[in-house]
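Okay, structure first, notes after.
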Amino acid sequence: MAGGIFSIGTSALAAAYTALRTTGHNIANANTPGYSRQSVVLSPQVGAMIGGQYVGQGVAVADVRRAYNAFLTSAAHAATANAAGAETRALQLSQINNLFADSETGIGPALDRFFQEVQSLSQRPQDAAARQSLLAAANLLAARFNDVGARLQQFRDDADTQLRLQLEAVNRTAREIAQLNDQIALARGTGRLPNDLLDRRDAAIRSLNEAIGVSSIEQSDGAINVFLGNGQALVVGSQAASLVLNVDPADPQSVYIGVRDGASVTALDADLIRGGKIGGLMVFRLQDLPAAENELGRLAVVLADQFNQQHRLGDDRYGAAGADFFRPPTPVAFPASSNGNPLTTIAVTFTDTTQLAASDYQLEYTGGQYVLTRLTDNVAWTSAVPSFSVDGLSIALANTPPANGDRFLIQAVRAGARSMEVVLRDPQRIAAAAPVRASLPAANTGSVQVQSLAAVGPTRHPALANPVTITFTGPNTYDISDGITTLTGQTYTAGVPIVFNGWQLVLHGTPAAGDQVQVQPNVGGIGDNRNALALAALQSRPLVSGGPLGGAYAATIARLGAEAQTASSYASAQRTIREDALAAESAVAGVNLDEEASRLIQYQQQYQAAAKLIATARAIFDEVLGIMR
């Protein structure tokens with residue numbers, strides 16, 4: 001009898017002791033990240049038949065289980081990945097937005113000052129100080145373009161550094177999960193769940209989602225296989241893959257994430273790498289940053305090219321034709337390093353910079369056809385010959401045909417800001433004067449007058465300096481000649497331009513027969529400001545996507561500001577979702593110290609009662625022994 005009571009008391013003592021240990025474990029890990037509350041599952045031992053009745057045999061510890069909900073944990077993992085990706089992208093976009101919008105370092109104020117100085121020169125073309133001020137403003141503008149372009153390049157380098165650090169963390173965590181899979185599978189062989197190992201693995205998967213979005217599937221042996229967003233296996237059982245960041249063979253300024261398998265690397269589709277800091281960095285690195293560079297670069301290219309064109313149409317203080325004011329911009333294009341025919345080369349030139357798009361292009365040879373794709377919107381052009389003329393660009397391949405699948409990348413404006421430079425050094429070389437002027441002989445008897453005269457481009461006509469005489473043969477007809485070329489019987493209409501030898505003359509009034517207009521080189525035109533006025537007019541001309549230069553930059557700032565605000569709002573929403581998901585998970589798996597304190601008293605009392613039961617059994621046993629003596 002005493003033995004049965006002793007056995008029951010011992011089982012109760014052991015159960016209470018296990019429950020106390022488990023409660024103490026919960027209390028000790030109340031603030032441990034990823035820890036799931038554990039609880040002891042008790043079950044009565046099967047009763048024994050004594051005196052025709054089933055009599056209880058005490059208690060047994062059936063299991064020690066963790067509070068766990070697979071659905072809530074999975075939702076928390078996904079929310080963590082989405083929030084980390086959104087926060088990372090929002091932070092990067094805010095840096096670009098601040099860079100463009102800054103009134104001290106932004107392009108806008110420098111662009112306004114530059115054209116203000118051009119306007120000042122048009123009012124004082126003979127003033128050396130006005131010329132020097134314009135040159136200083138031009139150098140400041142170029143320096144601003146260079147600085148913003150260099151900062152964007154620094155953002156790219158910083159993003160690459162962060163990507164490499166995050167990939168190293170992913171590889172470490174993947175190896176940890178693989179090791180835990182092995183340990184958990186071995187522990188499961190005993191028929192019991194290794195709760196703390198499972199918590200460690202869940203925490204590792206959570207950490208993995210901070211870096212990159214993953215999904216997981218549990219196997220029958222308790223191991224978990226982990227997959228990237230595109231279905232690429234990252235962890236399978238006790239084996240972990242390794243991710244690397246490599247330079248894109250089609251673009252030396254771009255990168256891709258690949259899976260290393262021995263000496264080979266398989267590239268992952270960037271569009272399918274979602275969530276986590278890596279996902280946010282890749283979207284910024286491959287989409288947001290190139291878009292900002294291309295918009296800024298297009299502005300620099302259009303400004304430099306259009307200003308140069310007009311400047312070359314004027315004359316400087318020495319009477320010489322205007323030279324390039326800014327370094328002439330040139331497109332960048334190159335073949336992919338993986339091309340099968342390395343002899344095929346690509347050449348790209350600007351034909352009309354006012355038609356440029358803020359985009360890169362890819363030219364691919366496939367199936368005997370050349371396919372040119374504008375990468376911002378994936379608009380494609382197909383040709384059977386290796387040449388294209390689109391968006392103000394002339395594109396041609398030499399040494400064709402290339403190998404099937406060969407690709408070429410065209411970055412027409414990407415480097416425009418970084419390469420902008422003022423090449424004119426002498427202020428007297430600023431071409432403020434028009435190269436030609438018109439005069440009316442005093443013998444004219446009609447009312448014809450000169451309204452305007454200007455050189456027209458885009459290039460300076462070789463016969464621009466030839467003296468030209470326009471002789472009216474009647475009120476509506478005229479002959480024109482420079483001594484080399486003569487045109488007779490031309491129709492005159494007041495206000496309609498007369499274009500000849502690279503200049504454009506607008507007259508008004510009614511001429512009489514025999515009246516003349518003479519167009520001659522503008523020799524000694526020190527005070528002439530007509531080309532300076534034409535240069536100043538560039539500020540309001542529709543040069544970029546049908547709008548002025550300043551408007552294009554303002555539109556870029558507005559777009560970046562809107563994207564940064566949208567990204568920030570999205571990140572805030574994702575943070576809320578993550579907090580709600582973590583709170584829901586914690587409500588099930590978290591440790592409540594008040595509850596644990598209550599259980600501690602409960603199990604303490606159980607332990608004390610069990611000890612008392614054992615003491616009672618011992619006393620009974622001693623009495624029985626005493627009777628026998």
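The values are calculated or read from the model by the stated rules, or taken from the named source; none is laboratory data. Please read all numbers here as calculations on a predicted model, not as lab measurements. Virtual Cβ from ideal backbone geometry, glycine too; neighbours counted across all protein chains shown. Keep in mind that these areas ignore ligands, DNA and RNA; they rest on the heavy atoms of the full protein, side chains included. Shrake-Rupley method; radii C 1.70, N 1.55, O 1.52, S 1.80 Å.
Just one of the listed residues (Q605, Q574) is free of Cβ contacts under 8 Å to residues at least 12 places away in the same chain and either under 30 Å from G9 (Cβ atoms) or not hydrophobic (A, V, I, L, M, F, W, C) (or both), and it is Q605. Can you tell me which residues in the range 525-540 are in contact (Cβ under 8 Å) with a residue 60 or more places away in the chain and not hydrophobic (A, V, I, L, M, F, W, C)? Hits for the range 525-540 are G525, G527, D528, N529, R530, N531, Q539. Cβ-Cβ contacts under 7 Å between residues 6 or more apart (or on different chains), taken from a first residue in the range 394-408 that is among the β-branched types (V, I, T) to a second residue that is surrounded by fewer than 16 Cβ atoms within 10 Å (Cβ to Cβ) and at pLDDT 95 or above, are listed as I395/S387. Only residues that are open to solvent by 40 Å² or more (accessible area, probe 1.4 Å), hydrophobic (A, V, I, L, M, F, W, C) and either part of a loop (DSSP other than H, G, I, E, B) or farther than 18 Å from L272 by Cα (or both): list them for the range 227-246, please. Listed by number, the residues that qualify are V236, A240. Specify the residue that is nearest to S598 (Cα to Cα); the eligible residues are those in the range 28-47 that are in contact (Cβ under 8 Å) with a residue 12 or more places away in the chain and exposed (fewer than 15 other Cβ atoms within 10 Å of the Cβ). The qualifying residue nearest to S598 (Cα to Cα) is A30.
Summed over the range 391-414, the residues that are of a type in the set (S, T, N, Q), open to solvent by 40 Å² or more (accessible area, probe 1.4 Å) and not in a loop (DSSP other than H, G, I, E, B) give a count of 1.
Within the range 425-442, the set of residues being assigned to a loop (DSSP other than H, G, I, E, B) and buried (at least 22 other Cβ atoms within 10 Å of the Cβ) comprises I430, A431, A432, A434, P435. With the condition kept exactly as written, say whether any residue in the range 282-300 is open to solvent by 30 Å² or more (accessible area, probe 1.4 Å), more than 16 Å from the chain's Cα centre (by Cα) and in contact (Cβ under 8 Å) with a residue 60 or more places away in the chain. Yes, there is a match, as at least one residue in the range 282-300 is open to solvent by 30 Å² or more (accessible area, probe 1.4 Å), more than 16 Å from the chain's Cα centre (by Cα) and in contact (Cβ under 8 Å) with a residue 60 or more places away in the chain.
Applying the condition of being within 32 Å of the chain's Cα centre (by Cα) and farther than 20 Å from A584 by Cβ to the range 48-90 and asking which residue is surrounded by the most Cβ atoms within 10 Å (Cβ to Cβ) yields G85. Filter the range 329-348 down to the residues that are loosely packed, with under 14 Cβ neighbours inside 10 Å and among the polar types (S, T, N, Q) and list them by number. S337, S338, listed by residue number. Residue count for the range 249-264 satisfying the condition of being farther than 20 Å from T173 by Cα and out of contact with any helix residue (DSSP H, G or I) (no Cβ under 9 Å at 6 or more places or on another chain): 6.
Being exposed (fewer than 15 other Cβ atoms within 10 Å of the Cβ) and either modelled with pLDDT of 95 or more or not in a loop (DSSP other than H, G, I, E, B) (or both) is true for just one of A129, A137, A142, A110. Which residue is that? A129 is the lone residue from the list that is exposed (fewer than 15 other Cβ atoms within 10 Å of the Cβ) and either modelled with pLDDT of 95 or more or not in a loop (DSSP other than H, G, I, E, B) (or both). Within the range 220-262, the residues that satisfy the criterion of being modelled with pLDDT of 90 or more and polar (S, T, N, Q) are N225, S238, Q239, S242, N246, S254.
The single condition among (1) out of contact with any Ser or Thr (no Cβ under 8 Å at 6 or more places or on another chain); (2) assigned to a helix (DSSP H, G or I); (3) of a type outside the set (A, V, I, L, M) that E295 does not satisfy is (1). Here F326, F388 are screened, and the one residue that is within 30 Å of Q132 (Cβ to Cβ) and either open to solvent by 70 Å² or more (accessible area, probe 1.4 Å) or modelled with pLDDT of 95 or more (or both) is F326. Beta carbons closer than 6 Å, at least 6 apart along the sequence or on distinct chains, pair a first residue in the range 353-382 that is in contact (Cβ under 8 Å) with a residue 40 or more places away in the chain and under 18 Å from D251 (Cβ atoms) with a second that is in a loop (DSSP other than H, G, I, E, B) and open to solvent by less than 70 Å² (accessible area, probe 1.4 Å) for A357/D391; Y365/P402; Y365/D406; T376/S359. The residues of the range 242-267 that are farther than 14 Å from A336 by Cβ and of a type in the set (A, V, I, L, M), listed by number, are L243, V244, L245, V255, I257, V259, A263, V265. Considering only the range 92-103, I want to know if a residue exists there that is β-branched (V, I, T) and either farther than 26 Å from P427 by Cβ or within 31 Å of the chain's Cα centre (by Cα) (or both). Yes, the range 92-103 has at least one match. Looking across the range 180-205, the residues that are open to solvent by less than 50 Å² (accessible area, probe 1.4 Å) and within 40 Å of the chain's Cα centre (by Cα) come down to L180, N181, L197, L198, D199, R201, D202, A203, A204, I205.
Restricting to the range 212-226, give me the number of residues that are of a type outside the set (D, E), assigned to a loop (DSSP other than H, G, I, E, B), touching a helix residue (DSSP H, G or I) at 6+ places or on another chain (Cβ under 9 Å) and open to solvent by 10 Å² or more (accessible area, probe 1.4 Å). Selection size over the range 212-226: 2.
Pairing each residue of the range 443-463 that is on the phi < 0 side of the Ramachandran plot with any residue that is hydroxyl-bearing (S, T, Y) and surrounded by 14 or more Cβ atoms within 10 Å (Cβ to Cβ), provided the two are 6+ apart or on different chains, yields C-beta distances under 6 Å for G446/T510; S447/T510. Scanning the range 20-45 for residues that are of a type in the set (G, A, S) and modelled with pLDDT under 90 gives G34, S43. Restricting attention to the range 87-107, the residues that are among the acidic types (D, E) and at pLDDT 90 or above total 1.
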